[in-house]
Amino acid sequence: MSSMTAWVTRPPGAAGVPGPVSATTADVPGPPLPVYLAGARLLEVFPVLPLIAKVTLGVGALSYAGQFNITVVADRDAVPDLEIFAEPAQNELQALRNG
């Protein structure tokens, strides 16, 4: 079992798990070609996910001009070990990049 799977599947009340995780996700296809504003090329685009109400974790993915960027945001009090969730995804994306 990957560390990400172990993190996500921990039951509420387990060590370090304050309760159910409320999460939001977004996967938005961006323009496949570069866009320009006042003659300047937009270099990178990252998704922004606001955490509202009881949402404590947000994961967003956005493509743009051959790039694929992911943002992970969390409420620090509700998800104090965010790196355990995010690091395996980062490693897998790096492995895909390296071929």
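For the pair residue 98 and residue 52, a Förster radius of 35 Å applied to the C-beta separation gives a FRET efficiency near 0.45, rounded to the nearest 0.05. Listed from fewest to most Cβ neighbours within 10 Å, the set 28, 55 follows the order 28, 55.
Ordered by the number of other Cβ atoms lying within 10 Å of each residue's own Cβ, fewest first, 70, 52 fall into the sequence 52, 70.
In terms of overall dimensions, region 46-85 has a Cα radius of gyration and Dmax of 11.6, 36 angstrom. Restricting region 18-91 to trypsin sites (Lys or Arg not before Pro) that sit in a DSSP loop and have at most 12 other Cβ atoms within 10 Å of their own Cβ leaves 54, 76. Rounded, prolate or oblate: which fits region 22-98 when a ≥ b ≥ c are the square roots of the eigenvalues of the alpha-carbon gyration tensor, with rounded for a/c under 1.5 and prolate only if a/b beats b/c? Oblate, because a/c is 1.5 or more while a/b does not exceed b/c.
FYI, it's all coordinate maths here, none of it is from the lab. Predicted model only: the values in this text are computed from it and were never measured. We place every Cβ from the backbone using ideal geometry, glycine too, and count neighbours over all the protein chains shown.
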